[in-house]
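The values are calculated or read from the model by the stated rules, or taken from the named source; none is laboratory data. Computed from a predicted model, the values in this text were never measured in an experiment. Methodologically, a virtual Cβ is constructed for each residue, glycine included, from the backbone with ideal geometry; neighbour enumeration extends over all protein chains shown. Surface accessibility is based on the protein's heavy atoms, side chains included, excluding ligands, DNA and RNA. Shrake-Rupley method; radii C 1.70, N 1.55, O 1.52, S 1.80 Å.
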Amino acid sequence: MATASSVDRLLAEDAIRRALLDYCRGVDRGDATRTLSAYHPDGVDHHGTWDGVAHEHLPDALGRLLERTTATVHLLGPSTFDWVDDDTVRVESNVYAVHEVTGEARAIEHLHGRYLDVFTCVGGDWRIHERTFVHDVDAADVDAALAYPPGIFTRGGRGAGDPSVRG
């Protein structure tokens with residue numbers, strides 16, 4: 001049996017990184033379609049607050065997150081790639097998430113954890129087959145004051161109102 005070349009593996013790892021970034025961008029922009037594009041149709045996610053097939057559960061979970069937050073930012077740290085075979089890779093990625101929580105007082109949630117993913121390639125398409133979110137550290141800043149006065153910076157948003165959406 002032939003094994004993937006070093007170049008093939010580098011290209012696969014780049015496609016996997018893109019899927020990871022699409023997941024984070026989709027969550028932060030409130031775009032369930034982009035978020036789900038990181039998963040195979042039968043891809044499973046064990047995320048703590050929900051557990052099951054991502055395409056069945058993630059849209060509702062994302063909706064709940066959008067209802068209770070005004071902004072989210074997910075930052076990916078380094079990822080490690082452990083090849084199981086030419087079509088399967090175990091990927092561990094550090095993630096840091098910040099949530100601006102709506103309510104009577106402004107609160108900021110900080111969460112650090114890891115995505116433990118099994119990526120598989122089907123028809124040349126690398127996507128998540130199974131994900132487990134591992135929670136490492138969290139903190140909340142209640143009654144958080146703004147660091148800068150409103151209006152100084154271009155404000156991000158969700159959906160078509162975000163500055164990254166180009167017409």
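Scan the range 96-109 and tell me whether some residue there is of a type in the set (A, V, I, L, M, F, W, C) and loosely packed, with under 11 Cβ neighbours inside 10 Å.
The answer is yes; a qualifying residue exists.
Residue-wise test of (1) in contact with a Ser or Thr (Cβ under 9 Å, 6 or more places away or on another chain); (2) among the charged types (D, E, K, R); (3) at positive phi.
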| position | (1), (2), (3) |
| --- | --- |
| Tyr96 | no, no, no |
| Glu100 | yes, yes, no |
| Glu104 | no, yes, no |
| Glu109 | yes, yes, no |
| Asp136 | no, yes, no |
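Would you call His47 closer than 16 Å to Gly113 by Cβ and either acidic (Asp, Glu) or out of contact with any Leu (no Cβ under 6 Å at 6 or more places or on another chain) (or both)?
Answer is yes for this residue.
Return the residues of the range 63-79 that are without any contact (Cβ under 8 Å) to a residue 40 or more places away in the chain and either in contact with a Pro (Cβ under 8 Å, 6 or more places away or on another chain) or closer than 25 Å to Arg90 by Cα (or both); say none if nothing qualifies.
The answer is Gly77, Pro78.
I need the full set of residues from the range 64-86 which are open to solvent by 50 Å² or more (accessible area, probe 1.4 Å) and hydroxyl-bearing (Ser, Thr, Tyr), in order please.
Thr70, Thr80, listed by residue number.
Could you run through the range 142-161 and say how many residues are more than 18 Å from the chain's Cα centre (by Cα), open to solvent by less than 70 Å² (accessible area, probe 1.4 Å) and touching a residue at least 12 places away in the same chain (Cβ under 8 Å)?
Qualifying residue count, the range 142-161: 1.
Checking Thr102 against (1) over 30 Å from Ala144 (Cβ atoms); (2) more than 16 Å from the chain's Cα centre (by Cα), which single condition isn't satisfied?
(1)
So which residues in the range 14-46 are open to solvent by 40 Å² or more (accessible area, probe 1.4 Å), under 12 Å from the mean Cα position of the chain (by Cα) and not charged (D, E, K, R), if there are any at all?
Leu21, Ser37
Confirm whether Thr49 is in contact with a helix residue (DSSP H, G or I) (Cβ under 7 Å, 6 or more places away or on another chain) and open to solvent by 40 Å² or more (accessible area, probe 1.4 Å).
yes
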